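Read the structure below first, then the notes.
The values are calculated or read from the model by the stated rules, or taken from the named source; none is laboratory data. This structure is a prediction, so every number in the text was calculated from the model and none was measured. In this analysis, Cβ positions are derived from the backbone assuming ideal geometry, glycine residues included, and neighbour counts consider all displayed protein chains.
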């Protein structure tokens, strides 16, 4: 499929315009957002908490709003997990140089006309925690609701960028051939939609698989994914796959690989499987050994596992905010932090160059015009060289190389898609970058 | 009920004689024990592991032998858990002065006539890990099978001694009245078998409740406990309680409180509830703040939680072997370790004085003649002043004040009851103590 680039970018602009118009017409109700603070609402307070204030996996309440304002900071209490160990490497704290005047920095939300303060943007986005690093120092750090500095929070698809980076490291070492078809490494997937896709296509999510990633509407494939992985309780009489590695071979093909970007989490589970196959270790252990331990993290991370212990590489890394920020800072410094070269410089450079902007258009991201997706990272191609790790409900690592700034954010927004947060996030981050560049 | 002490002790001796005879007639097959090494058997190896080598909670395989030789070192991958945080206190390593000649120390198993070496006793007991401290230094440390020094292992009922100690601390502070009835603090239990029991009776397990603790046979009350807590998958159509705090009020009364010791785990869950009620915090947080953080642990511990996040104080603490040994060493030093007085000296002294030896006889422990149970600790009343924390399948902290020795052991014995391990454990520990006293 040949794509006409100018037309595509114009179309993307049009979609953005419509989305912005829509967003501009929706007033942001800060009081309503504040009213969903899980402490104020008393979720899971008391021994036992009252039935109408209890949160369980088993009745589905863990993944309902506003309950998830508590759940996202308590994931291991709801699901089985495996540690991503920090090992015995020294924990390296960041130097702090807090400047809370950032709160008063203003920006105009996408599609809006009225300026908003940074402080209000945090409320608007149902922020659980946010940290801003500038030149490697913490200049801003806030926690809300159920989150504290010491408590891990789920990163959802921010997880993908950790494993995309790991896979790219294996490619750089020659352990994984990006042009090889998946079936070469995983014969179990030979007859699935992934079989004849290349490793590179999986890492850029340009595989043509029969899977609809849908967090809100009907999607039998997504439902099967959630039942297999343990993200949702299975209906009575369920007879489908009961683990992620049993579910992946059931995904068929639909279309031609390599032409269009479509955001589909099972691609990352395939990469997790590939990492396990070529290293002989659990992806959680590989993450620990190659990244988590080596970048001076202050605490263990952890990952949800399915019922046979497979860590869910597409969505299930939990960690402290500072350790997610640290991952961004390591990337910003060309893969190096605290005198340790964690990720090869060439791997970081390749990630920041991004993927196909043409292929990206098919994904339909009105708030990300001109962006691309590569090795499970979102790349802006803007004049600051911004790139991001992004997860549903507002999880983000935002790296602005030109401003020497990294922002890590955990959130529990009532809507899954980041299109709902971007209008009051991306311009806020840009404003913060410009403000910091003047300091 | 008035108990005739000499008769009771004679009866206990008779039971012991029979048990010993039985045990002496069962040859200990060391080769068979070695053959169940989970690494040798290949449990959970491969991506995915073969179906016949997979271990899941959902199909019950996690709690079958020999699978549990793997499960006990991987508990959080099977069940939801909450961290027992070590916080930011410095980790204090023990000085090592390894002397592996302990391997050749011999002893005669209870009821036996042939001497056995210490090294063989570890195999006989399906040991996963063992550490011996002498005068506060590590003199012996070994790991087997699925366990490593860095990996937490489930402590089962060793957990009880942590929470009995915590409750005793609250008693010492006047926050918990040992002579008050449970219903004073927990009106939810007023109509249950616990309602008119005193706090002290609960802490010594002399409550007369309608509950049969049975790990192998039929016990509807035990089944209900396991379904409520999440230790077993619920049968289809289960309509019983779905949390521990909903289950406890359903336990009735049977008999008279304060006369007989009967080992019943729900007593500890009541104490966990009491700790939460009088502190306003989760028992896991109280354990972290008052003990785990303050004794220089090297890693977080963690506890299984039920489906509304209540930590299971009777059975579900997991930690590294060295941190369990540290708890014993802190007790041995009168509640003090690394210059920190963690537990008041008077609380330790009270625990070591033990409970009623008469009441203990009713429990029926042939390998523990003359022992007693107090504040969820097992007290020998022997000439070394030995006392223990004990959990099914061989979890143990053994404290020998006279020999200045502490032993922590994790195991995955095919049988739950420690009566099966004591004959090749208690004499071995005594022999180690006598050997160390001569060094």
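Observations on the model:
- Residues that are under 20 Å from the mean Cα position of the chain (by Cα) and surrounded by 24 or more Cβ atoms within 10 Å (Cβ to Cβ) within region B:212-230 comprise B:225, B:229, listed in sequence order.
- Test: residue B:23 is surrounded by 17 or more Cβ atoms within 10 Å (Cβ to Cβ), farther than 27 Å from residue B:300 by Cβ, more than 14 Å from chain A (Cβ to nearest Cβ) and at pLDDT 95 or above: no
- In summary, helices (runs of 4 or more DSSP H) completely within region A:311-374 and bearing 2 or more residues that are surrounded by fewer than 21 Cβ atoms within 10 Å (Cβ to Cβ) occur at A:345-353, A:357-361.
- Hits in region A:219-230 - residues which are in contact (Cβ under 8 Å) with a residue 40 or more places away in the chain, within 14 Å of chain B (Cβ to nearest Cβ) and assigned to a helix (DSSP H, G or I): A:228, A:229
- Taking the criterion of being in contact with a helix residue (DSSP H, G or I) (Cβ under 8 Å, 6 or more places away or on another chain) and part of a loop (DSSP other than H, G, I, E, B), the residues of region B:74-91 that qualify are B:78, B:80, B:85, B:86, B:87.
- Scanning region B:39-58 for residues that are facing another protein chain (nearest Cβ under 10 Å), in a loop (DSSP other than H, G, I, E, B) and over 26 Å from the mean Cα position of the chain (by Cα) turns up B:44, B:45, B:46, B:47, B:48, B:49, B:54.
- Subset of region B:95-105 (residues that are touching a residue at least 40 places away in the same chain (Cβ under 8 Å) and touching a helix residue (DSSP H, G or I) at 6+ places or on another chain (Cβ under 7 Å)): B:102, B:105
- So residue B:278, is it touching a residue at least 12 places away in the same chain (Cβ under 8 Å) and more than 12 Å from chain A (Cβ to nearest Cβ): no
- Any chance residue A:193 is without any contact (Cβ under 8 Å) to a residue 24 or more places away in the chain, more than 14 Å from chain B (Cβ to nearest Cβ), in a loop (DSSP other than H, G, I, E, B) and over 30 Å from residue A:402 (Cβ atoms): no
- Checked against the criterion of being under 18 Å from the mean Cα position of the chain (by Cα) and under 26 Å from residue B:261 (Cβ atoms), the candidates B:319, B:301, B:314 yield just one match: B:314.
- Only one of the numbered conditions (1) touching a helix residue (DSSP H, G or I) at 6+ places or on another chain (Cβ under 7 Å); (2) farther than 21 Å from residue A:119 by Cβ; (3) in a strand (DSSP E or B) is violated by residue A:398, and that is (2).
- Sole exception among (1) more than 14 Å from chain A (Cβ to nearest Cβ); (2) part of a loop (DSSP other than H, G, I, E, B); (3) in contact with a strand residue (DSSP E or B) (Cβ under 7 Å, 6 or more places away or on another chain) for residue B:114, by number: (3)
- Among the residues of region A:282-297, those that are part of a loop (DSSP other than H, G, I, E, B) and either more than 9 Å from chain B (Cβ to nearest Cβ) or surrounded by 24 or more Cβ atoms within 10 Å (Cβ to Cβ) (or both) comprise A:293, A:294, A:295, A:296, A:297.
- Residue A:233 meets the conditions (1) in a loop (DSSP other than H, G, I, E, B); (2) under 27 Å from residue A:372 (Cα atoms) in every case but one. The failed one is (2).
- Residue in region A:84-95 that is more than 10 Å from chain B (Cβ to nearest Cβ), closer than 26 Å to residue A:400 by Cα and at pLDDT 95 or above present: yes
- Boolean, residue A:235 is touching a strand residue (DSSP E or B) at 6+ places or on another chain (Cβ under 6 Å) and within 14 Å of another protein chain (Cβ to nearest Cβ): no
- When restricted to residues that are part of a strand (DSSP E or B) and either farther than 20 Å from residue A:38 by Cα or away from chain B (no Cβ under 14 Å) (or both), region A:131-156 contains 11.
- Positions within region A:59-83 being away from every other protein chain (no Cβ under 14 Å) and free of Cβ contacts under 8 Å to residues at least 40 places away in the same chain, in sequence order: A:64
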